[in-house]
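As C-alpha cells, the structure follows; a few thoughts come after it.
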Amino acid sequence: MTQTLRDAAVGGFVMACGALFLFQARMIDTDPDDPFGPKLAPTIIAGLTIGFGLLQVLVAMLRPGTADDAATQPFRPLLFCSVIGAGVAYIFLFQFVGYLISTLVVLTGMLLLFRNRFSGRLMVTAVLGALVYHVVFIELMNVHDPASLLSFRNILNWVG
Amino acid sequence: MDILDGFAFLFSNPVALLFVGLAAIIGIVVGALPGLTAAAAIAMLLPVTFYLDPLSALAFLYVIGKSGRFGGSIAAILFNTPGTAASAATMIDGYPMAQSGKAGKALKTATVASVTGDICGELILIFGAVFIASYTVRFGPPEYFSIYIMAFVVIGSVIGKSIIRGILSTLFGAFISLIGLDPITGESRMTMDSLELESGLSLVPLLIGIFVVTEVLVQIEAKAAATFSRMEGGAQRDPDADRLTFAEFRRCIPVMLRSSAVGSFIGMMPGLGSSVACFVAYGEEKRRAKNKAEWGTGIVEGVAAPESANNAVSGPSMIPLLTLGVPGSTIAAILVGVFLIHGIQVGPNIFTTSHDLVFGLFAAGLLGIVLYGLIGYFGAPFIGRLIGHVSPSVIYPFIFLTAFIAAYSARSSLFDVGVALAFGVVGYLMRRFDFSAPAFIIAFVLAKGAEEAFRQSLLLSDNGMLIFVERPVSVAFLLVGVAVVGVRMIGVLRKPKTEI
C-alpha cells in the first residue's frame, strides 16, 4: 500500500471514529435550557476529530509521500492475535482456575510465543515464575484472587 | 530554606528513604532494557504505590523517572541499542567508545553528565517553581482553559512526526477521558449502558495498555523478524581505559553546563521531552566544537552533551505540573494521578497546602540523583553485563504478566485487565500509524480539568466565548499555542517530503 493511500485510509478511519464520537455525544441527555451542559465538550471534540480526519485525507491527496511502508516491520496477524488471545484467555482462566494456574498456563504460552524452545528449563522457569508472582501479588500484596475452583490458598489450607 | 525542611521531612520517613533507594536501582535496570521506558515501568509499579504514604509513593515514581533516563545510556553505550528514546544520541559516541575498549570511561562520563544535568534541572525546579507559582496562583478559569488549550496544541503539534496526527491523538485522549458520569450534572456520557464505564476509564490500565502491552506486541513482531535487540555487549574490556581523567572531566564541564541549560529549557516546554533535548544539545555542542570531525568517533564530549541534556529535562518538566497543574510529560501526567489518589490537588496552591510534601519530593529527587550517580559510577558495567545475559525472549513474557496483574490489582477488576488489553491494541495501531501515545495520555489526564475550566468560564462570562480573548493572560497563552503550531507548520512546509 502506498503512503498516500495509507494516509487517506487513516484519515477516513479517523472521520468514522469522529462520527461515532458525535453519535455518542448526541445521545447524552441534557437540559435544553443549559447550553453549556455535559454534551458540549464531547460534541466539540467529535467535530474537531471529523475536521482533522478530513484534513488528513486532503493532505494525503494534495501532498503525496513517495515512500511506501515496506520499510516498516511487516504486520504479523497470527502473532498479534496470539498475544491478544493469550490476554483474553488469561482473563477467563483467571476467573475459573485462579491466579496461580492461569499465570502458569499463560506464562508457558507466552514463552513459547517468544520462540523459546519447549524444554524442561522452560517449564521450570514458568513454574518458578508463576509461584513467585503468586507469592508476591496474592500472598504478600493481598491482591484479590477470584479463583473459585482451584484456589491455591484453599489448597494450602486443606493441606494445613 | 524550604529545601532543608524537605530534607528533614524526607529523613523522618524511613519508608520513603527505602523507596528512593529502590527506585534508583529499578530505574537504572528498567531504563537499560531496550524498549521498556521509565513511563512503562512507572505504569507497572503504580499499584504498588497505593499501599504507600504520599511522599514514599511520589518519591518512588519520581526517582524511577530520573534513574530510568540515565539507565537508557547503559544499553546505548554497551549494546548500541538505546534503552530509552532519550539515549538515542548517546549511542553516536558512546558505542564507538565501547568498541574501542573504553566502555568504562563512556559509562562514567554518562553518569557524571547525567548527575550534573539532573542537579541543574532540579535546582531550577526548586527555585523556579515557587517563583512562578506565586504568580499563577491568581489565575482564574479562563486563564486555565487557555493554558490547557495551549498545552493540547503544543503537545499535539510538537510531540510526534505529524502535526495532524499529534493533534488527533490529543483529541482521542480527551474524548476517552470524558466517558463516565458528568462531574457537574451527574449525567451518563458515552457509557453505552455499561455499569463499569460509569466511573470512567482508570489511568492505570490505560497506561499499561498503551505503553506495556503495545511494547510486548512490537517486540514479538521484532523477534519474528529476527530484528530482536541482541543484547550482547560489544565492549572489549580494557581496565586502563575505564577511568574518566580529570583533564577529560574539565573539558566536559562547559559542555555539561551548556547542555544542562538546553535540557532545562526544553524540559519546561510541555511536550518536548528528553529525546528532543539530547539531539538538540548534541547538535549544538558539535556545531560549537573545534574538533567536529572527531564527533561520532567516540569522544567523551559526545556522551556528556546528550546525557546532561536528557537528564536536565526531568526537574523542569515538573514546573508546568506544580505551577499550573498541567503535566508537560508522560511521567508528570502519571504523577498527577498519584497526587489525586492521595487527595492532593495539583496546582500553584500546592506550595502552601502541601508544602512539606512538595519540598520532601524535591529532596527525594536530589537524593535519588546522588544514589543513581553512585550506583551508575561504580555498578553500571556490572548492570550492563547482567542485562546482557538475560534474553529478551524471557523478559517480555514476564513483563506481559506483570502488566496484567498491575492492571488488575489497581481495583481488583478484570474489566480493567480487558481495558489494558484493548488499549494495547489501540497503542499498537497508534504506533504503527504514527499517532502519539504520550500526547494521547497527557490529553486523557488534562481533558477533565480543561472541560471544567471551559464550563466555569462560560458560566462566568457575559459574552460567551469572548471571555477567552478579553483577558490578557488568557490571550497570551492562546497566542503561544498558535505561534508554536505556526512555527512547526512553516518548518514542515519548507521540507516537501515531510508529513504535516
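What follows is calculated from the coordinates using simple rules that are stated; it is not laboratory data. A quick note: this is a predicted structure, and the numbers were derived from the prediction, not measured. Here the Cβ is made from the backbone with ideal geometry for all residues, glycine too, and neighbour counts use every protein chain on show.
Only helices at least 20 Å long along their axis, Cα-based, and averaging 1.0 or more on Kyte-Doolittle count here, so list those DSSP H runs from chain B.
Length and hydropathy pass: B:14-32, B:54-79, B:103-136, B:141-158, B:163-177, B:355-389, B:392-411, B:414-432, B:437-460, B:472-494.
Answer rounded, prolate or oblate for the protein assembly as shown, using the Cα gyration tensor with square roots of eigenvalues a ≥ b ≥ c: rounded when a/c is under 1.5, else prolate when a/b is larger than b/c, else oblate.
Rounded is the answer for the protein assembly as shown, as its axis ratio a/c remains below 1.5.
Give me the number: length gained by fully extending B:Ala293 to B:Leu374, i.e. 0.36 nm times residue separation minus the C-alpha to C-alpha distance, one decimal in nm.
Length gained between B:Ala293 and B:Leu374: 25.9 nm.
Report the gain in length on full extension from A:Ile44 to A:Leu58: 0.36 nm times residue separation, minus Cα-Cα distance, nm rounded to one decimal.
2.9 nm
Which of A:Leu5, A:Leu79 has the fewest other C-beta atoms within 10 Å, and how do the rest follow up to the most?
A:Leu5, A:Leu79
Expressed as a whole number of Å, what is the distance separating the alpha-carbon centroids of the range B:88-121 and the range B:447-500?
39
Starting from the Cα of B:Arg250, step 7 Å along the direction of its Cβ; do the same at B:His355; then give the gap between the two resulting points in nm.
4.5
Could you list which residues have their amide H under 5 Å from that of B:Asp182, counting only those 5 or more apart in sequence or on another chain, with H placed in the peptide plane?
So B:Asp182 has HN proximity to B:Glu187, B:Ser188, B:Arg189.
Give B:Lys105/B:Lys286; B:Lys66/B:Lys108; A:Lys39/B:Lys448; B:Lys108/B:Lys286; B:Lys102/B:Lys292; B:Lys66/B:Lys448 a once-over and call out the pairs whose C-alpha atoms are over 23 Å from each other.
Check vs 23 Å cut-off fails for B:Lys66/B:Lys448.
For a protection proxy built on the mean count of beta-carbon atoms within 10 angstrom, sort B:253-259, B:307-313 highest first, please.
Most protected by this proxy first, the peptides run B:307-313, B:253-259.
Can you order the peptides B:396-402, B:435-441, B:25-31 by their average number of other Cβ atoms within 10 Å per residue, highest first?
Listed from highest to lowest mean packing, they are B:435-441, B:25-31, B:396-402.
Separation of the range B:259-315 and the range A:102-124 by C-alpha centroid, Å?
That distance is 42 Å.
Let me confirm one metric for peptide B:420-433, namely the mean number of other chain beta-carbon atoms within 10 Å of its residues' beta-carbons.
3
If I take all pairs of Cα atoms in the range B:375-436, what percentage of them are more than 19 Å from each other?
56
Within a 10 angstrom radius of each residue's Cβ in B:181-190, how many Cβ atoms of other chains show up on average? Whole number is fine.
If you average over the peptide's residues, the count of other-chain Cβ atoms is 5.
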